[in-house]
Amino acid sequence: MKAKDRDQSLSDSRELDGSYDPLTDSIEDDFELSTVCHRPEGLDKLQEQSKFTKKELQVLYRGFKNECPSGVVNEETFKLIYSQFFPQGDSSTYAHFLFEAFDTNKNGSVSFEDFVAGLNIILRGSINDRLNWAFNLYDLNKDGCITKEEMLDIMKSIYDMMGNYTYPCMQDDAPREHVENFFQKMDRNKDGVVTIDEFIESCQKDENIMQSMQLFENVI
Amino acid sequence: MAAGVAAWLPFARAAAIGWMPVANCPMPVAPRDHSKRQDELIILNVSGRRFQTWRTTLDRYPDTLLGSSEKEFFYNEEAKEYFFDRDPEAFRSVLNFYRTGKLHYPRAECIQAYDEELSFFGIIPEIIGDCCYEEYKDRKRENAERLQDDQEDKKDFKPPNMTFRETIWRAFENPHTSTMALVFYYVTGFFIAISVLTNVVETVPCGSTSQKDISCGQRYTVAFFCMDTACVMIFTVEYLLRLFAAPSRYLFMRSVMSIIDVVAIFPYYIGLVMTDNEDVSGAFVTLRVFRVFRIFKFSRHSQGLRILGYTLKSCASELGFLLFSLTMAIIIFATVMFYAEKGSSSTKFTSIPASFWYTIVTMTTLGYGDMVPKTIAGKIFGSICSLSGVLVIALPVPVIVSNFSRIYHQNQRADKRRAQKVQKARLARIRIAKKGSSNAYLQTKRNGLLNELLDLTASEEEQQHLNKTKSLLESQHHHLLHCLEKTTGHDFVDEQLFEQNCLEGALQPYRSRTPSTSSLEGMTGTCCSRRTKRSVPLPIANAPASHAHPLALTHTLPKSPGLQELSAINIQCAEKQIHSSSRSNLNMQTNEVDRRNCKQQKVTTAIISIQTANTGSPAEDGGHGLPNRGASVVTTTSSNIIKVSAL
């Protein structure tokens, strides 16, 4: 009798509150999330698969686990973490694209293995590998070529991270112009899309890009 | 930057790979980790209890004791540990703050001791997490009140040089300050009581002459009149004195107490003025009723009465609800009873308003019995009425009672409203802290270019010194933001500067642009074109406006290979020069980045010479520079040659 009363009063207060939707909310949902837990493979195995040293993997995992105790990152947490680095702008779209790129098996969460795999390519891979990874990031629908619309989305997301207070004042067509520049540079055969070969070729010719790729050597 | 995600900074920097292929400008140099130190465990010995943590954990908050170099003062060489002679229990929450990024308040801890620990370790209490913040603030407030009560006695310290008027006012407000005030206080209280008693006794019948009983008032008219006069005189004097002494007479006259005072003494004066005219004496008698208001004057003498008044004022909504529901119920039941009793003969329920009386008496369970229903239907509805009456009246009463109790306690804790302001201040502070990270970056930008320049020219020791002042984490984060700026070609600025720029841009769109630079307008707002726009007033005839060949500045420097952006740095510093003879400054907008931080003796100025194929334009000069330091930097572009050298 007592338990029933408690449930009844709980539901009554929920109705009064007006914010509770019986269709989508339920107590079971809360339980589900908290029991998901993921443990990565052993340190040795990860060390074989990547080019990080043991110490580096340790540092990476400690940071990872600190922020995501359950062992996996879902998109919301990912966006939240990334937004802490860009206080002025809105980094959620770019974080979404990043999440898509890191989540290789498309299961909606990034485990530590995915995390290490992605970082391995970016930080320890060859220049070609890095360019490949960047291409993969830009290619939103993963069809092997970057269209202007995809590039525009990416560009807008990068410009969003700048926020409102910039110098010079951000024009509305700044991303579009930037995309035009990019396509002029990258699209060799002028067919409106950039394929992986065009991309790699153009990047290799551009000294700036080559130079900036070197930056990732000693991030860790 | 939130320190909890400091560990994710390498990830964020790796994610910047997405910006590289789209960037038009070269990226700035990454800060190097000079120490190249492996992360080590440090031991914190707090009164014998040893805590261990990674050094990077403590480095997350560089503006606290443990995160800064201040902890070196506590380093114990022999034991190779940091020793703090503090409470280990409180230290636990301090250390957990570094680990998790959230500061918690342990409820078992004394609030003062905790505050002292926090201030020792340089942590501001405002960052206590939401889970513990309420408790912390409550405890702090209680403590403050306790201290305040002890200090209440000191409040009676009389400031010197008070005017006569202020003295009187103070005497009225705080009767226990001086003996005279106390005497006056009791005298007025006594006279209020006497006056009320007189009014009551006046109407008591005492003795009888001729045919009817007469009241005492009519028998001893003179005596009562004298009593009344005396009371009213005292009250008038008091009122006039208060009016004289009040700091704001208008406010005083509007206050409730003064209205009660006036109402209390008015009938007497009206009675004096009016003669014993038969017609008006009836009205005059009615006025006497107002003499009972004298009893409200007691509220100055009684705290409880004041609280009751406050309660009623604050329960206005509950009282209103009570009144409203009662009225509804009365009307409903009166109507029902009227129609139920309409049939019976010689009924007292002659109309609905007449039934109101029955309903009220029944609902409040008084039951005088002067009106009773006779029909069966009437009796049924009458019983329903009395049952529901109890409910309707009983419902709002606990609310009113609890309100009274609350106000009573609140009266002892009058600064709940102050707590609201503190909450707002706290939220404002948190907002400022969030903005602080972006402000930190902007601040560093103004200093940062300076540092990069020094990388070139300064000696190793100076370099080390400067690098120590900014933690590695911070410099890496700022490098990340700098890369983003380069990618998009726009700079972060703070709000005020942004608004100024917008205004300037609106007012003077073309003043600072020479015809030559307008050819560069066609380019997108990349950093390079902007920078060259600023510093190059000379025509670059062959700069193709529509081509996507931005002026890429790559440099080679004998000392440090791979250093980019030197020209930009130099140009920026040139703008920072207050030296007005520099031509570059003429094109600069006056509200440029803050020059405060530019140390003149260490800044070099660029000499920019533009040699294009068609126009052999002369070089332009900057201001002064460092002697004995020479580095010439050659930049190449695809179509133009820009020579930048630093003197």
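The values are calculated or read from the model by the stated rules, or taken from the named source; none is laboratory data. Worth saying up front: this structure is predicted, and the values here are computed from it rather than measured. Because the Cβ atoms are built from the backbone with ideal geometry, glycine has one as well, and the counts that use them run over all protein chains shown. With ligands, DNA and RNA removed, areas are computed over all heavy atoms of the protein, side chains included. Shrake-Rupley method; radii C 1.70, N 1.55, O 1.52, S 1.80 Å.
Chain A contacts chain B over a buried accessible area of about 5400 Å², both sides summed; the probe is 1.4 Å and only protein chains count. Of the cross-linked pairs A:51/A:142; A:148/B:486; B:137/B:434; B:71/B:434; A:45/A:79; A:106/A:142, those separated by over 18 Å at the C-alpha level are A:51/A:142; A:148/B:486; B:137/B:434; B:71/B:434; A:45/A:79.
Seen from residue B:113, the other residues with C-beta closer than 12 Å to its C-beta sum to a net charge of -4, counting Lys and Arg as +1 and Asp and Glu as -1. Placing pseudo-labels 7 Å out from each Cα toward the beta carbon at residue B:204 and residue B:503 gives an inter-label distance of 8.0 nm.
Among the residues of B:482-491, the average count of other protein chain beta-carbon atoms within 10 Å of the residue beta-carbon is 6. With the simple model of a label 7 Å out from the Cα in the direction of the Cβ, residue B:144 to residue B:390 spans 4.8 nm. Residues whose amide H falls under 5 Å from that of residue B:81, counting only those 5 or more places apart or on a different chain, are B:76, with hydrogens built in the peptide plane.
In this structure, the pairs whose alpha-carbon distance is over 23 Å, taken from A:54/B:102; A:205/B:445; B:102/B:435; A:156/A:205, are A:54/B:102; A:205/B:445; A:156/A:205. Loop-located trypsin sites (Lys or Arg not before Pro) in the stretch A:154-196 (DSSP state not H, G, I, E or B) with no more than 11 neighbouring Cβ atoms inside 10 Å: A:190.
Ranked by solvent-accessible area (1.4 Å probe, protein heavy atoms only, all chains present), the residues B:379, B:71 order from largest to smallest as B:379, B:71. Take each residue of peptide A:58-66, count the partner chain Cβ atoms within 10 Å of its Cβ, and average: the result is 4. Would you mind pulling out the separation of the Cα centroids of the stretch B:372-410 and the stretch A:102-160, in Å? Cα centres, the stretch B:372-410 to the stretch A:102-160: 71 Å. Per residue, the solvent-accessible area of the stretch B:309-430 (1.4 Å probe, heavy atoms of protein chains only, all protein chains present) comes to 64 Å².
The 3J(HN,Hα) values that the Karplus relation (6.51, -1.76, 1.60; θ = phi - 60°) gives for the stretch A:94-110 are, in residue order, 5, 5, 4, 5, 4, 4, 4, 6, 7, 7, 5, 9, 6, 10, x, 8, 9 Hz. Gly and Pro appear as x.
Partner shielding of A:179-189 amounts to 3, given as the average count of beta-carbon atoms from other chains within 10 Å of each residue beta-carbon. In this structure, residue B:428 and residue B:49 have a Cβ-Cβ separation that, at R0 = 60 Å, corresponds to a calculated FRET efficiency of about 0.95.
Here the translational diffusion coefficient of the stretch B:164-301 follows from Stokes-Einstein with Rh set to the Kirkwood radius across Cα pairs; for 20 °C and 1.002 mPa s it amounts to 130 µm²/s. The residues of the stretch A:61-220 expose, per residue, 41 Å² of accessible area to a 1.4 Å probe.
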